[in-house]
Amino acid sequence: MSATDGAPNKSEAATYTHGHHASVLRSHAWRTAANSAAFLLPHVAPSMRVLDIGCGPGTITVDLAALVPQGHVTGLERAGDVLEKARALAAERGVANIDFVVGDANALDFPDGSFDVVFCHQVLQHVKDPVGILREMRRVARPGSGIVAARESDYGAFSWHPDVDGMEDWRALYRRVATANGGEPDAGRMVHAWARRAGFAPADVSASSTSWCYSTPEEIAWWSGLWAERTVASSFAETAKEAGVATEDELAKASDVWKRWGSEEDAWFAVPSGEVICRRRAEP
């Protein structure tokens, strides 16, 4: 998911905090339907049409396509370059009931009621108008039976051990950068309220929360390493400096904090996300 300047509700005015640096894609490519969309899977049936918004390298998207063998999945992404990785993955796995398109979630280029499931994962926290995007998701969901699903992390609820000096400074730095970019780093705790504002009745919004948890030496090395790298080498670093939120020296110090934390024998990290399943009722 990425963004450029534009008119409200028609093109994205926020800036995607992470970008698609290799350190970011390592994280995105780790995601699967099982570890990132388990809350949605009980609602997926074999003949459904599914839209995955902000699909990135397509690992979740391709998994979903395998679950709808008589249906079809469309992955939508603003960053066209990363879709080459998604298409290659689908071809590698022999998944044919899938396509990938470049598009803007603020103005989806699909007719009303086109999909049985409209899903986004870790997208709404990076956009200027999450309620507007949820309205668009609702519009293209099938009236009477369509589902809109979203999962968003909550940086304020991130937990780690041990409490290495500087980690809270990193969280404060991330908040400043994400907010300067027009996003909301605590989206996980807000997504259910955004869904109601987008037109879903409270009774039609089911909220839940799950976490990624990293605890083995291999997981800790991977997680701390990608954050140490993206803090100084990805779009996070570029936008932090451009917005005057952090200096190169401050970013380097934050990167070193991740390395020090990752070297701790008992390191542990939890990433909670808020989730919603929203049902689009038939219009009166």
Inset, instruction - Could you list all residues from region 225-239 that are under 19 Å from the mean Cα position of the chain (by Cα) and not hydrophobic (A, V, I, L, M, F, W, C)? - result: Arg230, Thr231, Ser234, Ser235, Thr239
Legend entry - Selected residue [open to solvent by 30 Å² or more (accessible area, probe 1.4 Å), closer than 27 Å to Tyr214 by Cα and either free of Cβ contacts under 8 Å to residues at least 24 places away in the same chain or not aliphatic (A, V, I, L, M) (or both)] from Asp165, Asp99: Asp165
Legend entry - Flag if Ser2 is modelled with pLDDT under 95, surrounded by fewer than 22 Cβ atoms within 10 Å (Cβ to Cβ) and not in a loop (DSSP other than H, G, I, E, B): no
Inset, instruction - State the number of residues belonging to region 30-58 that are of a type in the set (S, T, N, Q), in a helix (DSSP H, G or I) and open to solvent by 10 Å² or more (accessible area, probe 1.4 Å). - result: 1
Legend entry - The listed residue being within 19 Å of the chain's Cα centre (by Cα), crowded, with 16+ Cβ neighbours inside 10 Å and touching a residue at least 40 places away in the same chain (Cβ under 8 Å), out of Arg189, Arg175: Arg189
Legend entry - Residue check, Gly166 over 19 Å from Ala270 (Cβ atoms), among the small types (Gly, Ala, Ser) and over 15 Å from the mean Cα position of the chain (by Cα): no
Inset, instruction - Select, from Glu218, Glu242, the only residue that is more than 20 Å from the chain's Cα centre (by Cα) and modelled with pLDDT of 95 or more. - result: Glu218
Inset, instruction - Kindly provide the set of residues from region 242-260 that are of a type outside the set (A, V, I, L, M) and either over 11 Å from Ala180 (Cα atoms) or open to solvent by less than 30 Å² (accessible area, probe 1.4 Å) (or both), ordered by number. - result: Thr247, Glu248, Asp249, Glu250, Lys253, Ser255, Asp256, Trp258, Lys259, Arg260
Legend entry - Odd one out for Trp160 among (1) assigned to a strand (DSSP E or B); (2) open to solvent by less than 20 Å² (accessible area, probe 1.4 Å): (2)
Inset, instruction - Scan region 65-93 residue by residue and report those that are surrounded by 20 or more Cβ atoms within 10 Å (Cβ to Cβ), touching a Lys or Arg at 6+ places or on another chain (Cβ under 9 Å) and over 25 Å from Ala107 (Cβ atoms). - result: Val68
Inset, instruction - For Val245, indicate whether it is over 30 Å from Leu41 (Cβ atoms) and touching a Ser or Thr at 6+ places or on another chain (Cβ under 6 Å). - result: no
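The values are calculated or read from the model by the stated rules, or taken from the named source; none is laboratory data. Everything numeric in this text was worked out from a predicted model, so none of it was measured. Methodologically, a virtual Cβ is constructed for each residue, glycine included, from the backbone with ideal geometry; neighbour enumeration extends over all protein chains shown. Side chains are part of the model used for accessible areas, which takes the heavy atoms of the whole protein and leaves out ligands, DNA and RNA. Shrake-Rupley method; radii C 1.70, N 1.55, O 1.52, S 1.80 Å.
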